[in-house]
Amino acid sequence: SVHDVPRGRFVLGAVNGVLGDHIAEAQSSLAPQMRMRVHGGRLRHVPANLAADAAEAGTATGKLAVFIHGLCETDLCWSFAAEKRWGDRTCTYGSRLRDDDGWTALYLNFNTGVHVSANGLELAEQLEELVRLWPVKVTEIALIGHSLGGLVARSAAHQGHALGHEWIGPLRHIVGLGAPHLG
């Protein structure tokens, strides 16, 4: 599908940033579902599949770094210019955190045209299920959001706390890179 091809994801990310709310309302097949992937893995809508991917790859640790892209972007934005910066096109901030400090990097892909609160709630629900199914005990979570992604991270934490979610316990860091928290 177009969602599984990098070039297709870039185009859909831009389209969804502008028209994502209308596309989602129309139940169009172009509206991406919120999905995550481990570094180098496939996007997964079901947290159980994501947990299985991490276990199979041997990359599951108790420290989860969730990277949340900004408006009109996709999960692939975290490796933009990686070859120029680090000499390796597969290198990302997530892989560097993994190599330097033992974090498991997870990359979120979502429809940026949908309201922040709706994306935040869905992320909170997915994290709740993911932490429950993760192959090792989760001891630390970092949500790292670029621009709009920082707002989604904050919304997920707020809603997860309000709902009494277990994943809030190990949440230690929310990082907003250029996130417009003040409007």
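Structure notes:
- Flag if GLU140 is open to solvent by 40 Å² or more (accessible area, probe 1.4 Å), more than 14 Å from the chain's Cα centre (by Cα), charged (D, E, K, R) and within 21 Å of PRO47 (Cβ to Cβ): yes
- When residues of the stretch 95-111 are limited to those that are among the polar types (S, T, N, Q) and in contact with a Pro (Cβ under 9 Å, 6 or more places away or on another chain), the one surrounded by the most Cβ atoms within 10 Å (Cβ to Cβ): ASN109
- Some residue of the stretch 110-117 being in a helix (DSSP H, G or I) and within 17 Å of GLY70 (Cα to Cα): yes
- Checking ARG132 against (1) in a helix (DSSP H, G or I); (2) buried (at least 19 other Cβ atoms within 10 Å of the Cβ), the condition it does not meet: (2)
- Counted residues, the stretch 146-163 - those being open to solvent by less than 50 Å² (accessible area, probe 1.4 Å) and either in a loop (DSSP other than H, G, I, E, B) or over 15 Å from GLN126 (Cβ atoms) (or both): 4
- Filtered by the rule that a residue be aromatic (Phe, Trp, Tyr) and at pLDDT 95 or above, the stretch 108-137 gives a lone residue, TRP134.
- Selection from the stretch 72-89 of residues that are polar (S, T, N, Q) and modelled with pLDDT of 80 or more: THR74
- The numbered conditions (1) of a type outside the set (Lys, Arg); (2) within 19 Å of LEU50 (Cα to Cα); (3) not in a helix (DSSP H, G or I) are all true for ALA124 except (3).
- Long-range neighbours under 6 Å by Cβ, at least six apart or interchain, first residue farther than 16 Å from HIS69 by Cα within the stretch 84-99, second open to solvent by 70 Å² or more (accessible area, probe 1.4 Å): ARG89/GLU83
- Of all residues in the stretch 28-53, those satisfying the criterion of being over 17 Å from ILE141 (Cβ atoms), touching a Ser or Thr at 6+ places or on another chain (Cβ under 9 Å) and not acidic (Asp, Glu) are SER29, PRO32, GLY40, GLY41.
- Residue list for the stretch 54-73, filter: within 13 Å of VAL136 (Cα to Cα) and open to solvent by less than 50 Å² (accessible area, probe 1.4 Å): ALA54, THR59, ALA60, THR61, GLY62, LYS63, LEU64
The values are calculated or read from the model by the stated rules, or taken from the named source; none is laboratory data. What you see is a predicted model; the values in this text were computed from it and never measured. Heads up, the Cβs are rebuilt from the backbone with ideal geometry, glycines too, and the neighbour counts pull from every protein chain shown. For the accessible areas, the whole protein counts, side chains as well, though only heavy atoms, and no ligand, DNA or RNA atoms are used. Shrake-Rupley method; radii C 1.70, N 1.55, O 1.52, S 1.80 Å.
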